[in-house]
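Take a look at the structure set out below.
The values are calculated or read from the model by the stated rules, or taken from the named source; none is laboratory data. Because the structure is a prediction, the values reported are computed rather than measured. Virtual Cβ from ideal backbone geometry, glycine too; neighbours counted across all protein chains shown.
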Amino acid sequence: MNAPLISLQGLSKEFHGKNVVELVDLTIKAGEFYGILGPSGCGKTTLLRLIAGLEQPSSGQIIIDGLSMNSVPANRRPVNTVFQSYAIFPHMSVEENIGYGLKLKGIVPEKIKERVGAILDIVDLSGLERRRPNELSGGQLQRVALARALIMQPKVVLLDEPLAALDAKLREIMKYELVKIQKDVGITFIMVTHDQQEALSMMDKIAVMNEGKIQQVDQPKVLYEKPKNSFVANFIGSANCLMGTVTKVEKDRTYVMLTDINQEIISTANNNFRVKDSVQAIIRPEKMKLQDINIADDNKENVNCVRGSLLEIIYHGGVSTFRIGITDKNAEPLVISQLNDAQQTKAKYRIGSNVKVCWRVDAATLIPVHL
Ligand code: ADP
Ligand code: MG
């Protein structure tokens, strides 16, 4: 599980004089479910195609299992791809589609049948071997495409937005199915997605990409809790980003004067800051609390409080978001989300009422800003 299986070193790909993949360095371990997450057009598919050997790098190295792949053609790489379109042959049955790669390799029919049977079990398609693709649902087609990759027993399966074509409900189910199958077979999966929820709930590790460059590589929880820059903070979930200047640094406390709100906040976030450093305080909406303006400031728990007025309440079902305008200042409204379990929140606060927004010392992440 811990040996590096794939190593990308300074990998770049240029189209028409522009790098769409730029100096990518990544290490992927054997057995990992690895995610590449980024907005549409940031170079995810190109990166996957480079690993598969369907594109040649402009510079850099791809090493799989200790061997440089640069001069190894696509069909000789220990890699199989599940394409975004699935690319299933319409005139072949499920069984023929899945066994096709083995047939090309000259494997005898009995052996192919045996291996197709085993894979059908894994992807939960047993009994459908004779069906044609046009007799299958979107989720079943997806399983055929996955089975076709798995049957080749590659070291790595590459998946390009495999759930994008499914409706929301099916996508939820397939999400967990894919993770289960990956853990069962133990093959390294590299999956590309633009959907942050998908990435957070499925992946062991995620590389966040923007404009061809890797922004941060971490486990889902670390990406969300400790984003390294404001792109990551805003792409993964939503975030309140407040500019400020460091005013005091103690062993486990950093004090920041917020520029737009003109108020000092205290944070446990420690990035070896020095006084006068410019920083951005990133605070997740669910880590801020709405409080009645008349309740005395709590100096123990929710140390940081700013005052404002309630601009808007947006109901989302399980949670509501509140937009708070900061009193008499030009600052962006703060966004807070609260669970709709207690019922009282919505009733208690009316649009236009003065409120306090409070958060704990450990709620903010501080990001250095280079002005
Ligand atoms: P993503 O999968 O993240 O949406 P892609 O890797 O498909 O992004 O594309 C990244 C950029 O590279 C886009 O601007 C796209 O237009 C461009 N691109 C992709 N493939 C080619 C190609 N074969 N020739 C020219 N430009 C391409
Ligand atoms: Mg793509």
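Summary of values
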| read-out | value |
| --- | --- |
| The lone exception for MET203 - which of (1) farther than 30 Å from GLY41 by Cα; (2) within 11 Å of the chain's Cα centre (by Cα) it fails | (1) |
| Residue check, GLU198 within 16 Å of ligand 2 (Cβ to nearest atom), closer than 28 Å to ILE64 by Cβ and assigned to a helix (DSSP H, G or I) | yes |
| Unique residue being away from ligand 2 (no atom under 16 Å from the Cβ), at pLDDT 95 or above, of a type outside the set (Asp, Glu) and in contact with a Ser or Thr (Cβ under 8 Å, 6 or more places away or on another chain) when the list is LEU48, LEU37, LEU26 | LEU26 |
| Every pair of residues 6+ apart whose Cβ atoms lie under 8 Å, when the first sits in region 31-43 and is in contact (Cβ under 8 Å) with a residue 12 or more places away in the chain and more than 6 Å from ligand 1 (Cβ to nearest atom) while the second is among the β-branched types (Val, Ile, Thr) and part of a loop (DSSP other than H, G, I, E, B) | GLY31/ILE187; LEU37/ILE236 |
| Residue selected from region 271-297 under the condition among the polar types (S, T, N, Q) and either in a strand (DSSP E or B) or at positive phi (or both), by the criterion surrounded by the most Cβ atoms within 10 Å (Cβ to Cβ) | GLN280 |
| Search result, residues across region 93-120 that are of a type in the set (A, V, I, L, M, F, W, C) and in contact (Cβ under 8 Å) with a residue 12 or more places away in the chain | VAL94, ILE98, LEU102, ILE112, VAL116, ILE119, LEU120 |
| Residue pairs meeting the criteria (Cβ under 7 Å; at least 6 apart or on separate chains; first farther than 20 Å from PHE189 by Cβ, in region 52-74; second surrounded by fewer than 14 Cβ atoms within 10 Å (Cβ to Cβ) and at pLDDT 95 or above) | SER59/GLY10; GLY60/GLY10; GLN61/GLY10; GLN61/SER68 |
| Residue in region 2-18 that is in contact with a strand residue (DSSP E or B) (Cβ under 7 Å, 6 or more places away or on another chain), crowded, with 21+ Cβ neighbours inside 10 Å, without any contact (Cβ under 8 Å) to a residue 60 or more places away in the chain and within 20 Å of ALA199 (Cβ to Cβ) present | yes |
| Filtered residues of region 213-229 (kept if buried (at least 23 other Cβ atoms within 10 Å of the Cβ) and either of a type in the set (A, V, I, L, M, F, W, C) or within 14 Å of ligand 1 (Cβ to nearest atom) (or both)) | LEU223 |
| Set PHE89, PHE83: member being within 16 Å of ligand 1 (Cβ to nearest atom) and at pLDDT below 95 | PHE83 |
| Pairs, first at pLDDT 95 or above in region 268-284, second among the charged types (D, E, K, R), C-beta under 7 Å, six or more apart | VAL275/LYS248 |
